[in-house]
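The values are calculated or read from the model by the stated rules, or taken from the named source; none is laboratory data. None of these values were measured; they are calculated from a predicted model. So basically every Cβ, Gly included, is an ideal-geometry build from the backbone, and we count neighbours across all protein chains shown. Just so you know, the surface numbers come from the protein's heavy atoms only, side chains and all, with ligands and any DNA or RNA stripped out. Shrake-Rupley method; radii C 1.70, N 1.55, O 1.52, S 1.80 Å.
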Amino acid sequence: QVQLVESGGGLVQAGGSLRLSCAASGSSYSITAMGWYRQAPGKQRELVAGITRGGSTVYADSVKGRFTISRDNAKNTVYLQMNSLKPEDTAVYYCVTSRLTIVVRSTIDYWGQGTQVTVSS
């Protein structure tokens with residue numbers, strides 16, 4: 001079992017920044033990939049960004065150049081630095097982990113409880 005504890009969500013004005021953190025505990029040695037999904041009201045859950053243990057990253061086109069994902073393997077923690085936030089970034093952000101890849105939803109092993117990010121215009 002892996003437990004995920006997310007933090008860092010909140011309310012910010014458009015153009016502002018937030019940093020999300022997600023700490024994994026438990027059987028974290030099994031984690032290969034970590035990352036973030038988000039779900040806005042009335043929309044499907046979508047991949048935001050992911051990172052492997054080796055540091056390879058993937059981003060949704062909508063956040064490229066604005067968001068940066070990073071990972072501290074020693075702390076089993078993944079971060080999402082979100083800059084130049086837009087109202088359309090408003091969503092619940094979920095931390096995810098996988099023994100394989102988080103790009104394919106069926107291979108995601110664990111989901112966090114989610115943290116709300118609200119960007120006002």
Next item on the list: Find the residue count for the range 19-35, including only residues that are hydroxyl-bearing (Ser, Thr, Tyr), in a strand (DSSP E or B) and open to solvent by 50 Å² or more (accessible area, probe 1.4 Å).
Entry: 1
Check: Which ones in the range 1-13 are open to solvent by less than 30 Å² (accessible area, probe 1.4 Å) and either of a type in the set (Asp, Glu) or closer than 18 Å to Gln113 by Cβ (or both)?
Finding: Val2, Leu4, Gly10
Note to self: within 18 Å of Thr101 (Cβ to Cβ) and open to solvent by 70 Å² or more (accessible area, probe 1.4 Å): is that true of Gly50 in this structure?
What the structure shows: no
Item checked: All positions within the range 95-121 that are among the hydroxyl-bearing types (Ser, Thr, Tyr), open to solvent by less than 60 Å² (accessible area, probe 1.4 Å) and either without any contact (Cβ under 8 Å) to a residue 60 or more places away in the chain or touching a helix residue (DSSP H, G or I) at 6+ places or on another chain (Cβ under 6 Å) (or both) -> Ser98, Thr101, Thr107
Item checked: The lone exception for Arg38 - which of (1) farther than 23 Å from Ser121 by Cβ; (2) in contact (Cβ under 8 Å) with a residue 40 or more places away in the chain; (3) open to solvent by less than 30 Å² (accessible area, probe 1.4 Å) it fails -> (1)
Item checked: Residue that is open to solvent by 50 Å² or more (accessible area, probe 1.4 Å) and in a loop (DSSP other than H, G, I, E, B), where the choices are Gly55, Gly16, Gly65 -> Gly65
Margin query: Every residue in the range 73-92 that is open to solvent by 30 Å² or more (accessible area, probe 1.4 Å) and either of a type in the set (A, V, I, L, M, F, W, C) or modelled with pLDDT under 95 (or both), please.
Written below: Asn73, Ala74, Lys75, Asn76, Val92
